[in-house]
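Student: Below is the structure I would like to discuss, written out as structure tokens.
What follows is calculated from the coordinates using simple rules that are stated; it is not laboratory data. The structure presented is a predicted model; accordingly, all values stated were derived computationally and were not measured. With ideal geometry, Cβ positions are generated from the backbone for all residues, glycine too; neighbour counts draw on all protein chains shown.
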2 protein chains.
Amino acid sequence: MRETGRSGCPINLTLEILGDRWSLIVLRDMMFGNRRHFRELLAKSDEGIASNILADRLKRLLENGLISRRDDASHKQKGIYSLTEMGISLVPVFAAMADWGRRFLPVTPEMSIRAEILAEGGPVLWQKFMSELRFLHLDAPRPVHSVLDELTAAYRDAVERKHAAESEPAGV
Amino acid sequence: MRETGRSGCPINLTLEILGDRWSLIVLRDMMFGNRRHFRELLAKSDEGIASNILADRLKRLLENGLISRRDDASHKQKGIYSLTEMGISLVPVFAAMADWGRRFLPVTPEMSIRAEILAEGGPVLWQKFMSELRFLHLDAPRPVHSVLDELTAAYRDAVERKHAAESEPAGV
DNA sequence: CCAACTGCTTGCAAATCGCAAGCGGTTTTG
DNA sequence: CAAAACCGCTTGCGATTTGCAAGCAGTTGG
């Protein structure tokens, strides 16, 4: 996308790789939604990325070393995308961005519950989550506790509470 | 730039505001370089933003509440841009991005010294820095210690060391 | 055999980008 | 006090990127 390196500033270099509307969305879905196939990333996204954009971003993320790709043994056409250590290391960035977003932007409660947990858990929880991602995406041993399950369960609870509240008569 | 909100996810909403190549560059220069005028942001940037892009980004950042603008009393044409609390609160995001960039991308040593200090200082240092930014950009009282001076001094030392090394004969 | 699905590409109009020049006005300089 | 420099910001324009829809060859499951 961009070929001319402008400066050696770490923030600038980070933005040259991730500074667009979709790259971090793709990584978010891989990281927090455990979406590993093209179609999963394409269809199950709340934001609706276009297929050509997704293909382009996956290519760029591959080239930049944030993700890797291998063939799915059970399906000759499927490819499985995995986070690399470089991609997994973005957890603190996501945590900081999500915490900022939930404090200053009109987020929905059920979408911000995971950001809240990550903010409260702090770096200790982030490290646990990163260990789990190394198990899911690399060949690291399984950790004793699943942060992803915890986050997903909290999200589902929030969605259920929302639906329950919506089906109740107003004002109760 | 973008008008359709896609989802209430905090990461998505953050990217709708800041997910482009230049918005965070502008905020970085205001925050770490204390650049407050249009021309300062235009000319003294290592990356060379175009003037129309800068004007557009300043407008968007104003609309989204990340910065404010007031007239410069000493110069009828100048406007002074300041970070709001919303903008100052991006310090942890910058720290996380800068730390990630310096670990995985080909940064130059003198440009990454500040990222290193911020990473080592952790949240305690970030809070000190944010207090200083509230003094510089809002009407908060002056803090006892200047993190910005510390960062700037370290950066200048690194630049001087670099120039000294370059003027030496090779291999010494 | 066939419908559904796989990752991914193509075509195209619209939006955005980077670059250069310029604008009316203000401040500094000689 | 006039010329030069500077101020924030806009305009024009060609090149790139985006969003959207459709489609492709190959694979799988019923």
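Student: Per DSSP helix of 4 or more residues, -39500 (n - 2.57); summed, then divided by the residues of chain A. What does that give at 222 nm, rounded to the nearest 500?
Tutor: After summing the helix terms and dividing by the residues of chain A, the value is -19500 deg cm²/dmol.
Student: I need the GluC sites (Glu not before Pro) found in region B:91-132, filtered to DSSP loop residues with at most 13 other beta carbons within 10 Å of theirs.
Tutor: Passing both the DSSP loop test and the Cβ count: no residue.
Student: To the nearest 20 debye, what charge dipole does region A:90-172 have about its Cα centre, counting +1 at the Cβ of each Lys and Arg and -1 at the Cβ of each Asp and Glu?
Tutor: In total the dipole reaches around 220 debye.
Student: So what are the three principal axis dimensions of chain B from its Cα atoms, in whole Å, longest to shortest?
Tutor: Cα spread of chain B along its principal axes, largest to smallest: 58, 43, 35 Å.
Student: Evaluate E = 1/(1 + (r/R0)^6) for residue B:82 and residue A:159, where r is the Cβ-Cβ distance and R0 equals 56 Å; express this FRET efficiency to the nearest 0.05.
Tutor: 0.90
Student: OK, next. For region A:61-96 and region B:118-150, what is the separation of their Cα centres, given in Å?
Tutor: 36
Student: Any lysines with Cα under 19 Å of the residue A:59 Cα? List them, leaving off those in the same chain fewer than 8 positions away.
Tutor: Reachable lysines: A:78.
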